Amino acid sequence: QGTRDHPPAQAALRERLLSAVVSCFKRHGAAAIDTPVLELRETLMGKYGEGTKLIYELQDQGGELLALRYDLTVPFARYLAMNKITNMKRYHVAKVYRRDSPATTRGRYREFYQCDFDIAGQFDPMIPDAECLKIVHEILSDLQLGDFVIKVNDRRILNGVFAVCGVPESKFIPACSTVDKLDKMPWEEVRSEMVGEKGLSPEAADRIGEYVQLHGGLDLIERLLQDPKLSQNKLAKEGLGDMKLLFEYLTLFGITGKICFDLSLARGLDYYTGVIFEAVLLHQENEHVEEPVSVGSVAGGGRYDGLVGMFDPKGRKVPCVGVSIGIERIFSILEQRLEASGEKLRTTETQVLVATPQKHLLPARLKLISELWDAGIKAEMLYKKDPKLLKQLQYCEDTGIPLAAIVGEQELADGVVKLRDVATREEVRM
């Protein structure tokens, strides 16, 4: 349950999608790394907030308690700490595992790919963060998935809001994971979860409600910097100052049209310390909709300055910011679109089929195809001694092979090959 096989057409689409994402990561100067699917259980525990209960734990095989990796960020932090690396720009495309209840229609699985890009190192504020947002913008524009918005917030602003609203610090993280549900349920339900399950006072919840329902751009940042309560809070003030800087950089990148500063964005993971962001696709059913509806998150990330220090015996910190592209969700959208269009996707890259029109010419085919392979040309032939020409050409049409190289008795006598364009049926002797 929650896993799937990929037949050739899906695998081809997936490869096309992954190569678009990876080429963007490479364009921004990232190096690839890989880490094991297995991690020590203790490496993963306590890093994911409410997600911890979804970790796949493996039975003790004598010696080590292991688990399957839940994301690519914690293994990256462990890798940096183990190897004492303080500066790195990396990408990683690999499968991760979550014991979630699968909702396969929405692209939610128990085994799925993540595509991560991260910048680790001590740099001037918000420059790497702005680049991560630019990457999300580039990838979503490049894949032509339709309209999208990238919501941005900062954990420090959120914690400042909780503090000025009278939430005790021990309840910041539980309050955070509840606020994060605002995109899926109305404020009334979020409020009752805060009061009922998370033990916040109704007054505190109402005060939080005044802030977390705000969203906008630079104007909202300016307004909150003047807010009598928030401007007194050191954390919130720092976060808002950085948010203002971030928006200046995003303006220079020319992408603020798709960016929204949204105070309800919390992201459920424990390890975020600063800027957090999430990209959602907007879905317009018809032209009369006032507010476009969100289809769901297709990318997310943020700054996690404390994570590497958790794995370092001396507690040395390495600041990090990164983004993860939700490839499964994008994949299911593209898949549905392909089905609807009825377009056939080629599953192979064969350039030419080596064919013969008469009997007893298998040796000629084998010699020619061998020369083509040795020259680096993608070539195929039918595995029959004497196939009919029509059958060979039909195979080209069925699989989308553009050319047929035909060697008959006449061609052999003349020392040439007849090259046939399968679509136009034009032939040239070479």
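The values are calculated or read from the model by the stated rules, or taken from the named source; none is laboratory data. Quick caveat: nothing in here was measured; it's all calculated off a predicted structure. Using ideal geometry, Cβ is built from the backbone for each residue, glycine included, and neighbour counts are taken over all protein chains shown. These area figures cover heavy atoms from the full protein model, side chains too; ligands, DNA and RNA do not enter into them. Shrake-Rupley method; radii C 1.70, N 1.55, O 1.52, S 1.80 Å.
Quick notes on this structure:
- Restricted to segment 212-249, and to residues there that are polar (S, T, N, Q) and without any contact (Cβ under 8 Å) to a residue 60 or more places away in the chain, the residue that is farthest from Asp124 (Cα to Cα) is Gln213.
- Selection within segment 376-397 - more than 20 Å from Leu412 (Cα to Cα), open to solvent by 40 Å² or more (accessible area, probe 1.4 Å) and under 37 Å from the mean Cα position of the chain (by Cα): Gly376, Ile377, Lys378, Tyr395, Glu397
- Any hit, segment 157-166, residues being assigned by the TED database to the domain that holds Cys320 and part of a loop (DSSP other than H, G, I, E, B): yes
- The set of residues in segment 4-29 that are in contact with a strand residue (DSSP E or B) (Cβ under 9 Å, 6 or more places away or on another chain), farther than 17 Å from Glu349 by Cβ and modelled with pLDDT of 90 or more comprises Val21, Val22, Cys24, Phe25, Lys26, His28, Gly29.
- Considering each residue of segment 168-184 in turn, none proves to be among the aliphatic types (A, V, I, L, M) and not in a helix (DSSP H, G or I).
- Tally, over segment 134-156, of residues that are in a helix (DSSP H, G or I) and open to solvent by less than 30 Å² (accessible area, probe 1.4 Å): 5
- Tally, over segment 48-67, of residues that are within 20 Å of Ser324 (Cα to Cα) and open to solvent by 20 Å² or more (accessible area, probe 1.4 Å): 4
- Residue in segment 335-355 that is modelled with pLDDT of 90 or more, among the basic types (Lys, Arg) and assigned by the TED database to the domain that holds Ile221 present: no
- Positions within segment 98-129 being under 17 Å from the mean Cα position of the chain (by Cα), modelled with pLDDT of 95 or more and not β-branched (Val, Ile, Thr), in sequence order: Cys115, Asp116, Phe117, Asp118, Asp129
- Those residues of segment 29-47 which are open to solvent by 30 Å² or more (accessible area, probe 1.4 Å) and outside any strand (DSSP E or B), in sequence order: Gly29, Asp34, Pro36, Val37, Arg41, Glu42, Met45, Gly46
- Test result for Lys89, among the basic types (Lys, Arg) and in a loop (DSSP other than H, G, I, E, B): no
- Filtered residues of segment 237-261 (kept if part of a helix (DSSP H, G or I) and under 11 Å from Ile221 (Cβ atoms)): Gly239, Leu240, Gly241, Asp242, Met243, Lys244, Leu245, Leu246, Phe247, Glu248
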